[in-house]
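S.K.: This is the structure I want to talk about, given as structure tokens.
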Amino acid sequence: MTIETTAFDAALYLGSDEAVAEFMADALESGDAGYIAHALGVIARAKGMTQLAAETGLSRESLYKALSPSGNPTLTTLLSVMKAMNLRLDARPITHQA
């Protein structure tokens, strides 16, 4: 008996601003630049890359490239995309556990 599987697409589960914010917060908390870029890409696909391109003034091609898992978005791109997604970066002190 063969088990059929389908690829998981997190973009299908990002239907609310709260879900988007939680997903992005997890990516930022990881500190992994690749995961952060990937998460932004997933959120961008959930929102619609064409709409995001229009809101940021960036081309779809540059967004796909910058927001891929191997992408390296500039700070300007990161801030533009997050603003278009109604998100902001948040700074908090790192708490050290004794």
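The values are calculated or read from the model by the stated rules, or taken from the named source; none is laboratory data. Every value quoted in this text rests on a predicted model; they were computed, and no experiment measured them. With ideal geometry, Cβ positions are generated from the backbone for all residues, glycine too; neighbour counts draw on all protein chains shown.
S.K.: Can you list residue pairs whose Cβ atoms sit under 7 Å apart, with the first residue in the stretch 8-34 being at negative phi and in contact (Cβ under 8 Å) with a residue 60 or more places away in the chain and the second being part of a helix (DSSP H, G or I) and surrounded by 16 or more Cβ atoms within 10 Å (Cβ to Cβ)? Count only pairs 6 or more apart in sequence or on different chains.
M.R.: Going by the 7 Å Cβ cut-off, the qualifying pairs are Val20/Ile43; Met24/Ala39; Met24/Ile43; Leu28/Ile36.
S.K.: If you go through the stretch 64-92 one residue at a time, how many are surrounded by 15 or more Cβ atoms within 10 Å (Cβ to Cβ) and either among the hydroxyl-bearing types (Ser, Thr, Tyr) or closer than 18 Å to Ala25 by Cβ (or both)?
M.R.: Final tally of qualifying residues: 13.
S.K.: Here is a list: Gly15, Gly57. Which entry is modelled with pLDDT of 90 or more, in contact with a helix residue (DSSP H, G or I) (Cβ under 9 Å, 6 or more places away or on another chain), more than 21 Å from Asp90 (Cα to Cα) and small (Gly, Ala, Ser)?
M.R.: Testing whether each residue is modelled with pLDDT of 90 or more, in contact with a helix residue (DSSP H, G or I) (Cβ under 9 Å, 6 or more places away or on another chain), more than 21 Å from Asp90 (Cα to Cα) and small (Gly, Ala, Ser) leaves just Gly57.
S.K.: Pairs under 7 Å by beta carbon, first residue farther than 21 Å from Gly15 by Cα in the stretch 59-87, partner hydroxyl-bearing (Ser, Thr, Tyr) and buried (at least 19 other Cβ atoms within 10 Å of the Cβ), six or more apart or different chains?
M.R.: Close Cβ pairs satisfying both conditions: Ala66/Thr77.
S.K.: Scan the stretch 61-78 for residues that are closer than 11 Å to Leu40 by Cα and in a helix (DSSP H, G or I) and report the count.
M.R.: 5
S.K.: Separate question: Pairs needed: first member in the stretch 41-56, in contact (Cβ under 8 Å) with a residue 40 or more places away in the chain; second member anywhere, among the aromatic types (Phe, Trp, Tyr); C-beta distance under 8 Å; at least 6 residues apart or different chains.
M.R.: Hits for this filter: Ile43/Phe23.
S.K.: Also, quick follow-up: With respect to the numbered conditions (1) more than 20 Å from Ser70 (Cβ to Cβ); (2) modelled with pLDDT under 90; (3) in a helix (DSSP H, G or I); (4) not acidic (Asp, Glu), which one is the sole condition not fulfilled by Met1?
M.R.: (3)
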